[in-house]
Amino acid sequence: MSVRKSALIRVTIDRIPFLPPGAQKDMGLTFGTLPWLLDISPVNEAGNSYILSLEQRVNQLEGILKEVDLPKETAEREALPDGMPVSSTSQQASQLNENTEPEDDYSHPDLLESLKRLSIRHFENIGQRYYGRASSLSLVTDVISITRKSTGNKNIIEFREYFDLQPWEQATANAEIPRYVYPDNDLIQSLISIYFETINPIFPILHRSTFEKNVDEGLHLRDSSFGAALLSVLAVASRYSDDSRVLADPCSKLSSGWRFFEQVNILKKVVYAPPCLYDLQVAVLGGIYAMGTSVPEIGWILIGTGLRSAIDIGLHRRRPGGYKFTVDDELKKRSFWALVVLDRLIGLYVGYPAMMRDEELDLQMPIECDDEYWEIAPDGQVHFNQPSGKSSKISYFSASIKLSEIMSVAMKTSFSLKKARDTLGRTGKSWEQKLVADLDSSLNAWVDSVPNHIRWNPRCNNETFMYQSATLYSVYYMLQILIHRPLLRTDCPLSMPSLVICTNAARSYTRILEARATGIRTINPQIIVGTFTSGAVFAMNIWSRKRAGHAPNAKDVAGFQVCLATFEDTADTWIIVGRSLNLFRAMVSVESPRPRRHETYIVTPAPSTWSSYDAVSRTALGQNVQSFDKQTSHWDDYLASLMGTGFPSPSEPHLGPSYIDIWTDAPPAFGFSEWNAYVASMGPRANLDKIV
């Protein structure tokens, strides 16, 4: 430990004069009780500022801790007896350090448990919340712990005035208790069944037997939080129901579920109390439902609120070894992961940044055990007994979470602001190509890790696994396109191979849609975003050939028609689907401006550039595509080898600047609003705001 850091710890401890001298000595010997001091950064302006902020917090806490009532005998222990040997002191310090110094990764989740055990009257809400290493309460618990060890006094604080809701706040909280209106019981049962067939396989945040038991026992009539969760389930499931009772407007299926969704006020409840499991489930389901409304951005806001609420109770942190998980714990964990996945997916569609970074999360992955194999004890503890060799439906969710991590990296690197890229050191001409190679390598590793039962297989006879696989690979192909989109510009030597990969990913995705059309017809947020992304690629390819005066490629047209058909099937229940459908129709009907002139156009990448790219492209282009020999082959020969897959020949005249140039001016990502504005800028077109 540096001299400066040691001195800082000693000075800071000495500035707490009202602690018993024994406690001061213990704190001086035990650095583990002050973990927030040991994280001080190297000496610089930022470090000095942080030190000053710590000292200010200590000053603020002095006023509170002076209310601690310490026994008089404590003052008699101001120093160690003169005859006590140094070795004894060191041993005592070592024992104290062993008992009080937690490992860094687990110290802060343990703080939440410590607060629950503190004898601070009317401290219930505080005890349920999570406080990180920089929080003042982290210091408070350290000080209280040391004081208790020195005094033996276990009842040292009573701050009712500051930790209870004030009367006027409580009155407002009570006034917010809702009076929900539920539909007929037969409709409730029908919609619950639909929900567990359509949404829960993708976001498994409900335990079916527990949920249905609670409904049967009328918990929604006694617990408003569970009532909100039930209404959210009914709202989401309504989009897949043909029952007219789910409509708020009898003349429009776009109103499906609104009569249930409008009753749930997600934002108000979190102001007054830490979130419970049902609040988190409502945030997930509310985000899914809102994505299909006229304002899909609200879904992103609701998901963000849910994430903040989850962090408030420490769900983003790993539980220590030996922790006994309950049903609520596992479902809260799943709800948190669902919020993370949706935050990234919806953020990508509406063009907003993701809230959570992977480096801020260390919670465990979901337990891959199906509902029927949960053994629930009377106290709520759960044992997971998935039979050996039995494929789990939760494997999909784990794979989806891992795929979303790659999406998060792509969003914060390829599509971030220049300031953020500079901070990450992402500068120079080659960083983008290296990033794409790294991301593609991660995608390849992810594909290899997908369990066999959810690998894409159009002949799969398990309906749930086929549905999960279609959803999973829709995100995979969408992510391939997203990763290569930044290279689609005229000044990039890898623009043509990236366009080939994007086109092939879109075509592979439409084969999934075609197989899905003959089986499961359920649409969900992942399929909506995947269809929009692939459709945009097809439309741009058709558009670019139209600009060059050539007929569109037949496979592009066929793929585009599959995307249109998918949206046509559900445009009457999802507003954003109707908007996307109109946008696609406008893209192929608009008279685009004449292509810009270029004196030269490079289509042959340097061998050194391709060498880092080749391993990526082999998997991205599929198993049947020949590998590009970077030592002897020519780039044009490689493109010619792709003719069997339906890609354009390099000898065709449309492979000129306009083929990539149209992408240069297009939106960098695949958010609807950006593409709507882009198409609008191209000239007269159909009315994109009308729902069809």
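Where a number appears in this text, it was derived from the coordinates with a stated rule and is not lab data. Bear in mind the structure is a predicted one, so any value in this text is a computation, not a measurement. In this analysis, Cβ positions are derived from the backbone assuming ideal geometry, glycine residues included, and neighbour counts consider all displayed protein chains.
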Go through region 363-370 residue by residue and turn each phi into a ³J(HN,Hα) via Karplus (6.51, -1.76, 1.60, θ = phi - 60°); whole Hz please, and just put x for glycine and proline.
6, 5, 6, x, 6, 7, 9, 6
Roughly how many nanometres apart are two label points built 7 Å out from the Cα toward the Cβ at Ser430 and Tyr180?
5.9 nm
Which entries of Lys412/Lys546; Lys213/Lys253; Lys324/Lys402; Lys253/Lys402; Lys390/Lys412 have Cα-Cα distances beyond 27 Å here?
Lys412/Lys546; Lys213/Lys253; Lys253/Lys402; Lys390/Lys412
Selection of chymotrypsin sites (Phe, Trp or Tyr not before Pro), region 304-407, meeting DSSP coil and at most 15 other Cβ within 10 Å
Tyr323
Give the Cα extents of region 177-384 along the principal axes, in whole Å, largest first.
55, 43, 32
Highest to lowest packing among 495-505, 312-322, scored as the average C-beta count within 10 Å:
495-505, 312-322
Residues meeting the amide H criterion for Ser256 (H placed from the backbone, H to H distance under 5 Å, 5 or more places apart or on another chain) are Ala248
Tell me the Rg and the Dmax, in Å, that the Cα atoms of region 448-536 produce.
14.1, 47
